[in-house]
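*Asks:* Structure in structure tokens, see below.
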Amino acid sequence: MIIAPDDFLAPEEEYTETFTPARMKRARREAWAKLAQEIRTGWYNKLYVLSGAPASGKSTWARENDAEDVLIFDACHVSKQSKQRVADIARENGFDGEFILVVMHTPLKTCIERNRARKGKTVPEGVLRDIYRNIGSPEDLVKPFLKTYHVPGGEL
């Protein structure tokens, strides 16, 4: 199962208009609640937490790696705090499977090109650039992650 805060925003035709900090905060809270609910079912053996800029290939990676016993949290997770929040939710709700961080290393130019080519779900370019600028280093990881996969250059 894939859980993405973007799915808690609005229909695709309204996506750009609904992309505000307040709405994103609400969408993250709703996605975290869904994550907690799914973890409590006990059905999942792996939890992948995706990290990378908008249009870096996270959602494509998620679709290609979705499986019955896999839970994928598809969001930017550029700060240590955002990764820690997911780790806390997993621990608080009894997750005891493999906990894996997937980091997308995609050049800013590629992210901007992919974002412009999207239909309906474009992120304002200024927001994309801000997120990219604030991406933590690969060393800025959270201890609960058992493994970390690095996807170079956004190759999928």
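Just so it is clear, none of the values below were taken in a lab; they were calculated from the coordinates. Values in this document were obtained by computation on a predicted structure and should not be read as measured data. FYI the Cβ positions are ideal-geometry reconstructions off the backbone, even for glycines, and counts take in every protein chain you see.
*Asks:* Quick one: length gained pulling Tyr149 to Glu64 fully straight, 0.36 nm per residue minus the C-alpha distance?
*Replies:* 29.1 nm
*Asks:* Same structure again: What are the equivalent ellipsoid semi-axes of the stretch 2-152, built from the alpha-carbon gyration tensor (square roots of five times its eigenvalues), in whole angstrom, biggest first?
*Replies:* Semi-axis lengths for the stretch 2-152 are 24, 18, 14 Å.
*Asks:* Another question, if that's okay. Counting only residues 5 or more places away or on other chains, whose amide H sits under 5 Å from the amide H of Ile2 once H atoms are built in the peptide plane?
*Replies:* The answer is Ile72.
*Asks:* List the pairs from Lys34/Lys83; Lys58/Lys109; Lys34/Lys80; Lys80/Lys109; Lys25/Lys147 whose alpha-carbon separation is above 18 Å, in the order I gave them.
*Replies:* Cα-Cα > 18 Å for Lys34/Lys80; Lys80/Lys109; Lys25/Lys147; rest within.
*Asks:* Okay, moving on. Provide the per-residue ³J(HN,Hα) series for the stretch 115-125, in order, calculated from phi with Karplus coefficients 6.51, -1.76, 1.60 and θ = phi - 60°, each as a whole number of Hz, with x at glycine and proline positions.
*Replies:* Running phi through 6.51 cos²θ - 1.76 cosθ + 1.60 with θ = phi - 60° gives 4, 5, 7, 5, 10, x, 10, 7, 8, x, 4 Hz.
*Asks:* Val102's amide H: which non-local residues (gap 5+, or another chain) put their own amide H closer than 5 Å, with H modeled 1.01 Å from N in plane and none for Pro or chain starts?
*Replies:* Residues meeting the amide H criterion: Val49, Leu50, Ser51, Tyr149.
*Asks:* Follow-up question, since we're still on this one. Contact order normalised by length for the stretch 1-105, with contacts defined as Cα pairs under 8 Å and 6 or more residues apart; what percent is it?
*Replies:* Rounded, it is 37 percent for the stretch 1-105.
*Asks:* Take the Cβ-Cβ distance between Lys109 and Lys25 as r, set R0 to 35 Å, and report the resulting FRET efficiency rounded to the nearest 0.05.
*Replies:* For Lys109 and Lys25, the calculated efficiency is 0.75.
*Asks:* Once phi is turned into θ = phi - 60°, what whole-Hz ³J(HN,Hα) does the Karplus curve with 6.51, -1.76 and 1.60 give for every residue of the stretch 39-56, x standing for Gly and Pro?
*Replies:* 4, 5, 5, x, 7, 9, 9, 9, 10, 9, 10, 8, 9, x, 5, x, 6, 8
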